[in-house]
1. Determine which member of the set I22, I33 is without any contact (Cβ under 8 Å) to a residue 12 or more places away in the chain and hydrophobic (A, V, I, L, M, F, W, C).
2. Could you tell me whether any residue of the stretch 57-64 is of a type in the set (A, V, I, L, M, F, W, C) and closer than 25 Å to L90 by Cα?
3. Has the stretch 64-78 got at least one residue that is of a type in the set (S, T, N, Q), touching a residue at least 12 places away in the same chain (Cβ under 8 Å) and open to solvent by less than 90 Å² (accessible area, probe 1.4 Å)?
4. If I ask for residues that are of a type in the set (S, T, N, Q), assigned to a helix (DSSP H, G or I) and at pLDDT below 85, which ones from the stretch 67-95 would you list?
5. Report yes if some residue within the stretch 7-17 is open to solvent by 60 Å² or more (accessible area, probe 1.4 Å) and assigned to a loop (DSSP other than H, G, I, E, B); otherwise report no.
6. So, in the stretch 24-45, exactly how many residues are part of a helix (DSSP H, G or I) and either open to solvent by less than 60 Å² (accessible area, probe 1.4 Å) or closer than 19 Å to T59 by Cα (or both)?
7. Condition check: of a type in the set (A, V, I, L, M, F, W, C), touching a helix residue (DSSP H, G or I) at 6+ places or on another chain (Cβ under 6 Å) and either within 19 Å of Q14 (Cβ to Cβ) or loosely packed, with under 12 Cβ neighbours inside 10 Å (or both). Does L98 satisfy that?
8. Which pairs have Cβ atoms under 9 Å, sit 6 or more apart or on different chains, and link a residue in the stretch 79-98 that is hydrophobic (A, V, I, L, M, F, W, C) to one that is assigned to a loop (DSSP other than H, G, I, E, B) and open to solvent by 80 Å² or more (accessible area, probe 1.4 Å)?
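The values are calculated or read from the model by the stated rules, or taken from the named source; none is laboratory data. This structure is a prediction, so every number in the text was calculated from the model and none was measured. Reconstructed Cβ throughout: ideal geometry from the backbone, glycine too, with neighbour counts over all protein chains shown. Just the protein is used for accessible areas: all its heavy atoms, side chains included, with ligands, DNA and RNA removed. Shrake-Rupley method; radii C 1.70, N 1.55, O 1.52, S 1.80 Å.
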Amino acid sequence: MDDELDDFWALLAQHAQIIATIDNLQAKSHPTIEDKQEIKIRALEEQSLRERLLDFKPTSNAGGQTKLLYFTLLLAKTETFLDDQAMERLMRSLDHIL
């Protein structure tokens, strides 16, 4: 595995961990003020990592498929969507291998 793909997998792992942390904090029946602050901090980290994932340009078809699969699962799990600009960035990051 090359360094670029290792970096991509590391970003995916970090992103998934932050989402799990946010989910766990939000699942508390009586979140504390500290929990709410932690959610805000983690949400900013998640947004930053999502931006990095959007801009990551895989060099292989397998890397591109992995990226698309990850975003598909992420959007389905979080019941969110990408705005037009984010979707364009995602597709532009893959256009060189399509």
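1. Numbers: I22 fails: without any contact (Cβ under 8 Å) to a residue 12 or more places away in the chain.
Among I22, I33, only I33 is without any contact (Cβ under 8 Å) to a residue 12 or more places away in the chain and hydrophobic (A, V, I, L, M, F, W, C).
2. The answer is yes; a qualifying residue exists.
3. So the first thing to find is which residues in the stretch 64-78 are of a type in the set (S, T, N, Q), and the list is 65-66, 72, 78.
Right, trim to touching a residue at least 12 places away in the same chain (Cβ under 8 Å) and you get 66, 78.
From what is left, the residues that are open to solvent by less than 90 Å² (accessible area, probe 1.4 Å) are 66, 78.
The answer is yes; a qualifying residue exists.
4. Keep residues of the stretch 67-95 that are of a type in the set (S, T, N, Q), which gives 72, 78, 80, 85, 93.
Okay, now just the ones that are also assigned to a helix (DSSP H, G or I), so 72, 78, 85.
Across the stretch 67-95, the qualifying residue is only T78.
5. For the stretch 7-17, residues open to solvent by 60 Å² or more (accessible area, probe 1.4 Å) and assigned to a loop (DSSP other than H, G, I, E, B): absent.
6. The initial filter retains those residues of the stretch 24-45 that are part of a helix (DSSP H, G or I), namely 24-26, 33-45.
Adding the requirement that they be either open to solvent by less than 60 Å² (accessible area, probe 1.4 Å) or closer than 19 Å to T59 by Cα (or both) leaves 25, 35, 38-39, 43.
Result for the stretch 24-45: 5.
7. Values: of a type in the set (A, V, I, L, M, F, W, C): yes; touching a helix residue (DSSP H, G or I) at 6+ places or on another chain (Cβ under 6 Å): no; either within 19 Å of Q14 (Cβ to Cβ) or loosely packed, with under 12 Cβ neighbours inside 10 Å (or both): yes.
Judged against the criteria, L98 is not a match.
8. That search, which allows pairs on different chains as well, returns M87/F81; M91/L98; L94/K57; I97/K57; I97/T59.
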